[in-house]
Amino acid sequence: MTTRRVNNDIAPCPPDRRALLCIDLQRLGIEPGHGAFSSLRRVGISDEDIEAFRQRMRDTVLPNVAQLQKHFRQAGDEVIHVRIQSLTRDGRDRSPEHKRLGLLAAPGSAEAEFLPEVAPEGDEIIINKTASGVFIATNLEFVLRSLGVSRLVIVGVYTNECVSSAVRSASDLGFDTTVVEDATAAISPGMHTAALDIIRDRYAQVTGTKDLL
């Protein structure tokens, strides 16, 4: 039987638990001046798209994620935080993908910091990764199975990259997966919409914050 520790005692974990998986809500890919934005400009993402992304994050995504985190915490469900962070200061352990893109969030760096509005609280689990796919690059599946989690609600950035990778892997591994469309974002509206169109009803349910709450 899967168990969890509560007040220094061991208590059983329910076998059909729910978790909120918050992906890459850190300075690296959201605040200008950090690594991800340099690589985006190199592939032709405009300053207008970047500003629209920042506005969506500020006005819509982060407030909705904060609401969802509060809801899950009050319900006694897991809130799990995924971020890009290397094991080493120089990032030599990063995946070839992250080296090619110039993405480095060293331990203790500003790039690795969670945004304060949606940062972990208390004893919430943090999963560090150095590739787009959190399931392939970390022990997340093992952690979820140990927690008795079978249902995932996924939020974060970017919809067409790390969020999509997590959704597809979760679906393949048999998790009941939901993506919250107004608690996710891509660097352009078109990428966001296209990613959701591919995900919807194939790999996950797609819903809004209000409906989920």
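For the reader, a short list of remarks on this structure follows.
- Excluding same-chain neighbours fewer than eight residues apart, the lysines reachable from LYS70 by a Cα-Cα span under 22 Å are LYS210.
- Cα-centred dipole magnitude for the chain, charges only on beta-carbon of K, R (+1) and D, E (-1), debye, nearest 20: 420 debye
- Computed over neighbours whose Cβ is under 13 Å from that of THR88, the net charge equals +2, Lys and Arg +1, Asp and Glu -1.
- Under Karplus coefficients 6.51, -1.76 and 1.60, residue-wise ³J(HN,Hα) of segment 81-92 in Hz, glycine/proline x: 10, 10, 8, 7, 7, 7, 7, 10, 5, 8, x, 5
- With N the number of residues in the chain, Rg(Cα) / (2.2 N^0.38 Å) evaluates to 0.99.
- Across segment 49-74, the residues whose backbone nitrogen lies under 14 Å from the label position 7 Å along the beta-carbon direction of GLU124 are 62-74.
- Each peptide among 198-210, 171-183 gets the average number of other Cβ atoms lying within 10 Å of its residues, and from highest to lowest they stand as 171-183, 198-210.
- The long axis of helix 62-75 is offset from the longest Cα principal axis of the chain by roughly 10 degrees.
- C-alpha long axis of helix 47-56 to longest principal axis of the chain, angle in °: 30 degrees
- Think of segment 13-212 as a dipole: +1 on every Lys or Arg Cβ, -1 on every Asp or Glu Cβ, centred on the Cα centre; then among SER188, MET57, ILE125, ILE125 lies furthest on the positive end.
- Point-to-point label distance, PHE142-LEU173, nm (Cα→Cβ direction, 7 Å offset): 1.1 nm
- CD proxy at 222 nm, helix term only [per DSSP H run n ≥ 4: -39500 (n - 2.57); per residue of the chain; nearest 500]: -9500 deg cm²/dmol
- Bridge type composition, the chain - antiparallel percent by DSSP, nearest 5: 15 percent
Taken together, the values in this text are just the output of simple stated rules run on the coordinates, not laboratory data. What you see is a predicted model, and the numbers here were worked out from it, not measured in a lab. In this analysis, Cβ positions are derived from the backbone assuming ideal geometry, glycine residues included, and neighbour counts consider all displayed protein chains.
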